[in-house]
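Heads up: the structure comes next, in structure tokens.
Each value in this text was obtained by applying a stated rule to the coordinates, not by laboratory testing. Note that this is a predicted model, so its numbers are computed, not measured. Quick reminder, even Gly has a Cβ in these numbers, built from the backbone with ideal geometry, and neighbours come from all protein chains shown.
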Amino acid sequence: MELSTIFVIGMFATFGLLLFTGFPVAWVLAGTSVIWTAIGIGSVEYLGADLWFDWGSSLGLMPERIWALVNSETLVALPMFIFMGIMLDQSGVAERMMENMVKLFGRVRGGYAVTVIVIGLLLAATTGIIGASVVLLGMLSLPVMLRSGYSKHLAVGTSCATGTLGILIPPSIMLVLMADRLSDPDASVGNLFMGAFFPGVLLGSLFISYVLILAALRPAVAPVPADSPKVTGAVAWGVFKAVLPTAGLILAVLGSIFAGIATPTEASGVGAAGAMLLAAANRRLNIRVVRETVLSTTRTASFIFAIFFGATAFSVVLRGLGGDEVIANTLHGLPFGPDGILLTILFVVFLLGFFLDWVEITLIILPLVAPVVQALGFDLVWFTILFAVCLQTSFLTPPVGFALFYIKGVCPPEIKVTDIYRGVTPFIVLQLLGLAMIYEYPAIVTWLPSVAYR
């Protein structure tokens, strides 16, 4: 085994072991980088190792890399989209949509769950903050569904799984990070947003189909409330008025990007301003709300950028130790064809999602495997969306499925952790089914970007 291979394996093993110490991931990434910089330099200087590695080719690059990060126009969109999502949660539009859509779908068996999914899809297109979406949907929907006699598993599973759609459906902060890491014109933020649009709708459609089929086969899990109002013109008008502000914000943000009127960074500013206008229209905009939103935005963005810096240090040291070549040679050496290599990458990403957050996987793994996938002749946007769907699934998989922790925090006491696990399992299967469909039919991803640039 070559020395660079041993060092790369050792670096990943060190990172894995230090994760169990309980230190923040950003510090673990940075600490691992320092340790292996010392090992690399020591091996060259004192042991005469045949390895091209020194300070200038590893952590010496960090000032330049950090400046490039904070000077990136693409990443300006990150705090703006975070602000938009948090402000929208404060604006009260979700409560209005829930109140009116329940009247529209109340007489449909499984209608309350369908309402949650539809609202979740609309919220997902305006915010990429998983924690906020899951908590908000849980608080709005769980009491209503449980009072109506819905199965605990269906109620909690629907709220939890639907809340994770925001990480995939544009404008998604995950896709912004992916575009920045890839630094490829073909995989720009705009292209990734357009590529993710139909996969997000596909997953939402699978969720709705599952709920309706389950409710038809097992009526007891989703009874029709006796006090459900009839659908009248007044009810339909109320739904229209409740949905219109959110739909207008989605059109302003995504429409301006897809039409080429604004860059994603410019559209993020439009979205942030639009969310404030919606909060003001609903009489929710005040000093306290603005202060809380700014503080939450700062905390979330700081958390992501801290991991960014740690992951950047990890990446430059890994590359200095020959990590790119080791991973590329390992993948090319697999006894499979190109499709087998691609499926192996996705399977590994799915497994990593059981233990790591999407930020670390995006910042460390994606830049390492993307060049290999491109060399095999696959479309980079299509692969990136497959990668993103895998990571979205990781929010529901224990033991580190963050959506599970978020929903548990707002669940009534009678809902146990085992109920949450049982509730989300069918939705994990649906997400894997959606992943298989996207893999089998790449046009689900590639059609919209190709039409936009004809």
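If you stretched the chain out fully between VAL451 and ARG422, how much longer would it get, using 0.36 nm times the residue separation minus the C-alpha to C-alpha distance?
6.4 nm
Would you mind calculating the relative contact order of the stretch 300-454 from Cα pairs under 8 angstrom and at least 6 residues apart, reporting the percent as a whole number?
22
Give the long-range amide H neighbours of LEU168: residues separated by 5 or more places, or on another chain, with amide H under 5 Å away, using H modelled in the peptide plane at 1.01 Å from N.
Amide H neighbours of LEU168, under 5 Å, 5+ apart: none.
In what sequence, highest mean first, do 285-295, 147-157 appear when ranked by Cβ atoms within 10 angstrom?
Most protected by this proxy first, the peptides run 147-157, 285-295.
Got a sec? Which residues in the stretch 374-399 would a label at SER205 touch, if it sits 7 Å along Cα→Cβ and we count backbone N under 14 Å?
none
So, R0 is 22 Å and r is the distance between the beta-carbons of PHE405 and THR298; what FRET efficiency does that work out to, to 0.05?
FRET efficiency, PHE405 to THR298: 0.50.
Please give the calculated 222 nm ellipticity per residue for the chain, where each DSSP H segment of at least 4 residues contributes -39500 (n - 2.57) and the sum is spread over every residue; nearest 500 deg cm²/dmol?
Computed mean residue ellipticity for the chain: -24000 deg cm²/dmol.
For TYR112, TYR421, TYR210, what ranking results if the residue with the fewest other Cβ atoms within 10 Å of its Cβ goes first?
Starting with the residue having the fewest Cβ neighbours, the order is TYR421, TYR210, TYR112.
Whole-Hz ³J(HN,Hα) for each residue in the stretch 251-262, computed from phi via Karplus 6.51 cos²θ - 1.76 cosθ + 1.60 with θ = phi - 60°, x for glycine and proline: what do you get?
5, 5, 7, 6, x, 5, 6, 5, 7, x, 6, 9
I'd like the Karplus ³J(HN,Hα) series for the stretch 78-85: coefficients 6.51, -1.76, 1.60, θ = phi - 60°, whole numbers in Hz, and an x wherever there's a Gly or Pro.
Residue by residue, the stretch 78-85 yields 4, x, 5, 5, 5, 4, 4, x Hz.
If one takes the longest principal axis of the Cα atoms in the chain, at what angle in degrees, from 0 to 90 and to the nearest 10, does the Cα axis of helix 111-124 lie?
In the chain, helix 111-124 runs at an angle near 50 degrees to the longest axis.
Fewest to most neighbouring Cβ within 10 Å: what's the order for LEU182, LEU346, LEU432?
Least to most surrounded, the residues fall as LEU432, LEU346, LEU182.
Quick check: the distance between the Cα centres of the stretch 420-454 and the stretch 370-409, to the nearest angstrom?
What the calculation gives is 11 Å, centre to centre.
Cα-based count: Lys pairs in the chain below 29 Å, eight or more positions apart or different chains?
Within the chain, the lysine pair count is 9.
Residue by residue, what Karplus-based ³J(HN,Hα) values in Hz, rounded to whole numbers, does the stretch 30-40 have, using 6.51, -1.76 and 1.60 with θ = phi - 60° and x for Gly and Pro?
Once θ is set to phi - 60°, the couplings for the stretch 30-40 become 5, x, 4, 5, 5, 4, 7, 5, 4, 5, x Hz.
What distance in nm separates the simple spin-label points at GLN374 and PHE240, each placed 7 Å from Cα in the Cβ direction?
Distance between the two pseudo-spin positions: 4.8 nm.
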